């Protein structure tokens with residue numbers, strides 16, 4: 001192989017069409033190593049094969065042209081750019097790749113959920129249980145519409161500050177159905193605790209005794225993307241068995257983000273609280 005490749009030779013090596021290589025040149029993404037000033041013929045160096053294929057992958061993944069140019073310029077080892085510039089350009093690309101990975105993960109989970117929904121024999125296991133009484137530290141609030149999940153993070157920070165150490169039992173939350181049906185509603189986030197509430201606990205935290213409560217219960221496995229399927233299972237169970245709802249659902253985070261950064265290992269107990277007979 002010579003050190004100078006015609007555009008045809010370079011096209012055969014990279015599996016990029018000549019038209020695509022010309023477009024990359026016009027877009028200032030891949031400038032030929034040499035352009036004959038008389039004929040206008042483009043010539044490439046073997047060292048440009050890998051960058052050419054990298055550009056193709058980035059374009060296949062819809063990385064914006066401006067970001068791609070910044071990345072390619074930062075990768076040039078010509079000593080003209082500072083390390084901060086190179087780091088910034090690489091971070092832009094890394095952020096784009098993370099977004100693509102997140103999108104791919106959501107797509108895969110949506111496919112799995114659809115397969116379950118389309119399978120007449122697929123059914124999540126639901127049981128009727130009585131959850132035991134439990135003393136907890138709790139933060140209660142009315143979640144406004146469009147609040148995202150910042151309210152939950154703030155509540156957990158206050159509960160952790162009150163507890164001062166990691167409780168043995170997992171955290172949980174009790175949520176009014178309106179929080180899901182209307183996008184706003186009452187929520188109580190809690191941590192199990194046996195010791196009295198410290199005097200220096202945040203003002204938002206109070207002691208609460210959760211009574212024994214009857215619920216249709218299922219354990220959700222994995223990320224929360226398809227948590228609605230578990231909600232549907234416990235709600236349908238309650239409806240089929242004539243159980244009246246308390247208009248509350250309780251979640252217990254048996255294994256969650258506080259325990260592992262691997263969402264496939266998460267386990268969430270979902271309890272559709274039902275009203276006692278005669279209420």
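The table below lists the values:
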item	result
Criterion (within 19 Å of residue 50 (Cβ to Cβ), at pLDDT below 80 and assigned by TED's automatic domain parsing to the domain that holds residue 51) met by exactly one of 78, 85	78
Qualifying positions in segment 16-34 - outside any loop (DSSP other than H, G, I, E, B) and surrounded by 12 or more Cβ atoms within 10 Å (Cβ to Cβ)	18, 20, 21, 22, 23, 24, 25, 34
From 37, 120, residue being outside any helix (DSSP H, G or I) and either touching a strand residue (DSSP E or B) at 6+ places or on another chain (Cβ under 7 Å) or more than 30 Å from residue 228 (Cβ to Cβ) (or both)	37
Of residues in segment 41-71 being in a loop (DSSP other than H, G, I, E, B) and at pLDDT 90 or above, the one surrounded by the fewest Cβ atoms within 10 Å (Cβ to Cβ)	41
Residues that are more than 23 Å from residue 183 (Cβ to Cβ) and buried (at least 16 other Cβ atoms within 10 Å of the Cβ), drawn from segment 136-166	136, 137, 158, 159, 160, 162, 163
Among (1) at pLDDT 90 or above; (2) more than 29 Å from residue 122 (Cβ to Cβ) - the single one residue 214 does not satisfy	(2)
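The values are calculated or read from the model by the stated rules, or taken from the named source; none is laboratory data. Every value quoted in this text rests on a predicted model; they were computed, and no experiment measured them. Virtual Cβ from ideal backbone geometry, glycine too; neighbours counted across all protein chains shown.
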